[in-house]
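Student: Can you read through this structure? Questions will come right after.
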Amino acid sequence: MYKKIAAIGLGLVLAVGSVFAGGGRQSGGTSGGTTASAGKGLVGVLMPTRSEERWIKDGDAVKAGLEQLGYTVELQYADDDIPTQVRQLEDLITKGAKALVIASIDGSSLSNGLAEAAAAKIPVISYDRLLMRSPNVDYYVSFDNYKVGQQMGDILIKGMNLDSPAKKPLIIELFAGSPDDNNSVGFYDGAMDKLKPYFDNGTLLIGSGQQGRDVVGTLRWDAAEAMKRMENLLSAYYTSQTLDGILSPYDPISLSCLEACKAVGYGTADKPLPVVGGQDCIIASCKSILAGEQYATVLKDTRSLGAATVILVDTILNGETPTGLDTSSYHNGSKIVPSLLLDSVIVTKENLISAVVDTGYHTAAELGL
Ligand code: BGC
């Protein structure tokens, strides 16, 4: 396990152009090669919810990696409840955590705790979701969220064959992520920038006319809420037109939309399911992709994100300054947060086995193969 993380970490460092190569020694590589020694102190890891598959994988990857390096890890999930996460943060500060890794529920809700952490000189790493409106955020580790959005757009361009469409216009509906999650901005803007030429030239039309992140957003990424919205859209706008595609930022939302469509007769040769992408490569979506229902998803490998985070924490706690980070892309409303941004991968039926099963992200058994 340790060797695997070290290898992933080293690979990552090379891939992102010697991100940790400054500050006196090859921190990324050497950290990966450090012999694990017990008692390196407590690291607090806060994750938003256990009810979504990805955060469990994230939490497990970060915890295992840090423990392998000799840290004690307290991993806490907050059931998507903001006051719970605020309490957990304060609790970890009181317990004397040496570093904090935080995937927030609402990116703007932890400012008081972050100020306390800064006063206690505890470095804070914003994990996957950017902590907003606070100067007390030291680093951000995530995927390139705008590129993820572009991939969501590319999925629809390919899946709906927008460059030589079977008819014009093709009808689409838009869903966005949680308005309190800064990632939703990159996802939506990246996708819409890709789709704009097709709206402009009349290839694509929004059946309901509903657009804008505030209008089509899904609070807390709640798939049940998205399902309700899809049902309402279908009954209000699709009695005499057919839905051809859906922009979805998250696999459970994709699956809910597909369910709602099936319930009103989509999924036959005459009335195929709309083309739907997604994000997170969850097991249920992989099965749906293999069954020819969900068209694609975006895989953000939580093992790589976890490994990058572990190396970053270890580098900082060894008293070194990580270098080579992106210092222009992520302004949190208070400051630019130095960021390490990883790459994501589009997964369709064609590459699912090689990208997901062969890499061990999900096993064949998990996918029922
Ligand atoms: C993450 C996505 C995830 C979503 C819902 C976002 O912040 O970047 O990967 O699908 O939250 O949990």
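The values are calculated or read from the model by the stated rules, or taken from the named source; none is laboratory data. Because the structure is predicted, anything quoted here is derived from the model rather than measured. Cβ coordinates were reconstructed from backbone atoms using ideal geometry, including for glycine residues, and neighbour counts include every protein chain displayed. Just so you know, the surface numbers come from the protein's heavy atoms only, side chains and all, with ligands and any DNA or RNA stripped out. Shrake-Rupley method; radii C 1.70, N 1.55, O 1.52, S 1.80 Å.
Student: Looking at Gly319, Gly360, Gly368, Gly324, which is the one that is more than 28 Å from Gln68 (Cβ to Cβ) and open to solvent by 30 Å² or more (accessible area, probe 1.4 Å)?
Tutor: Gly368
Student: Among the listed residues Ile93, Ile171, Ile125, which satisfies the condition of being of a type in the set (A, V, I, L, M, F, W, C), under 22 Å from the mean Cα position of the chain (by Cα) and either modelled with pLDDT of 95 or more or in a helix (DSSP H, G or I) (or both)?
Tutor: Sole residue among the options that is of a type in the set (A, V, I, L, M, F, W, C), under 22 Å from the mean Cα position of the chain (by Cα) and either modelled with pLDDT of 95 or more or in a helix (DSSP H, G or I) (or both): Ile125.
Student: Moving on to the next point. Consider the range 261-285. How many of its residues are more than 17 Å from Met160 (Cα to Cα) and either open to solvent by less than 20 Å² (accessible area, probe 1.4 Å) or touching a residue at least 24 places away in the same chain (Cβ under 8 Å) (or both)?
Tutor: Qualifying residue count, the range 261-285: 9.
Student: Turning to a different aspect of this structure: Residues of the range 65-84 being open to solvent by 30 Å² or more (accessible area, probe 1.4 Å), touching a residue at least 60 places away in the same chain (Cβ under 8 Å) and either away from the ligand (no atom under 16 Å from the Cβ) or in contact with a Gly (Cβ under 6 Å, 6 or more places away or on another chain) (or both), which ones?
Tutor: Gln68, the sole residue that qualifies.
Student: Do any helices (runs of 4 or more DSSP H) lying entirely in the range 203-306 carry at least 3 residues that are modelled with pLDDT of 95 or more, charged (D, E, K, R) and closer than 25 Å to Asp80 by Cα, and which ones are they? Outline the logic, then answer.
Tutor: On the way: elements: 213-216, 223-237, 251-263, 283-290.
Ranges flagged: 223-237.
Student: Can you find a residue in the range 225-232 that is surrounded by fewer than 20 Cβ atoms within 10 Å (Cβ to Cβ), at positive phi and within 26 Å of the chain's Cα centre (by Cα)?
Tutor: The answer is no, given that none of the residues of the range 225-232 is surrounded by fewer than 20 Cβ atoms within 10 Å (Cβ to Cβ), at positive phi and within 26 Å of the chain's Cα centre (by Cα).
Per-residue answers, yes or no, for (1) within 18 Å of Leu342 (Cβ to Cβ); (2) in the same structural domain as Val275 (by TED's automatic domain parsing):
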site: Gln85; (1), (2): no, no
site: Asp91; (1), (2): no, no
site: Val101; (1), (2): yes, no
site: Asp106; (1), (2): no, no
site: Ile125; (1), (2): yes, no
site: Gln151; (1), (2): yes, yes
site: Gly159; (1), (2): no, yes
site: Leu162; (1), (2): no, yes
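Student: If Ile155 passes every condition in (1) touching a residue at least 12 places away in the same chain (Cβ under 8 Å); (2) open to solvent by 40 Å² or more (accessible area, probe 1.4 Å) but one, which one does it miss?
Tutor: (2)
Student: Within the range 46-61, can you find the residues that are part of a helix (DSSP H, G or I) and surrounded by fewer than 18 Cβ atoms within 10 Å (Cβ to Cβ)?
Tutor: Scanning the range 46-61 gives Ile56, Asp60.
Student: Among the residues of the range 317-327, what is the count of those that are within 24 Å of the chain's Cα centre (by Cα), of a type in the set (Ser, Thr, Tyr) and at pLDDT below 95? Give the derivation first.
Tutor: Residues of the range 317-327 within 24 Å of the chain's Cα centre (by Cα): 322-327.
Next cut, of a type in the set (Ser, Thr, Tyr) only: 323, 327.
Filter once more, so that each one left must be at pLDDT below 95: 323.
Qualifying residue count, the range 317-327: 1.
Student: May I pose another question? Could you look through the range 344-357, keep only residues that are out of contact with any Ser or Thr (no Cβ under 9 Å at 6 or more places or on another chain) and of a type outside the set (A, V, I, L, M, F, W, C), and pick out the one that is most open to solvent (accessible area, probe 1.4 Å)?
Tutor: Glu350
Student: Follow-up. How many residues are open to solvent by less than 10 Å² (accessible area, probe 1.4 Å), away from the ligand (no atom under 16 Å from the Cβ) and at positive phi if we restrict to the range 90-135?
Tutor: 0
Student: Can you name every residue in the range 179-219 that is of a type in the set (A, V, I, L, M, F, W, C) and within 14 Å of the ligand (Cβ to nearest atom)?
Tutor: Val185, Phe187, Ala191, Leu219, listed by residue number.
Student: If you don't mind, another one. Filter the range 286-316 for residues that are of a type in the set (Ser, Thr, Tyr) and under 22 Å from the mean Cα position of the chain (by Cα); which is surrounded by the most Cβ atoms within 10 Å (Cβ to Cβ)?
Tutor: Thr297
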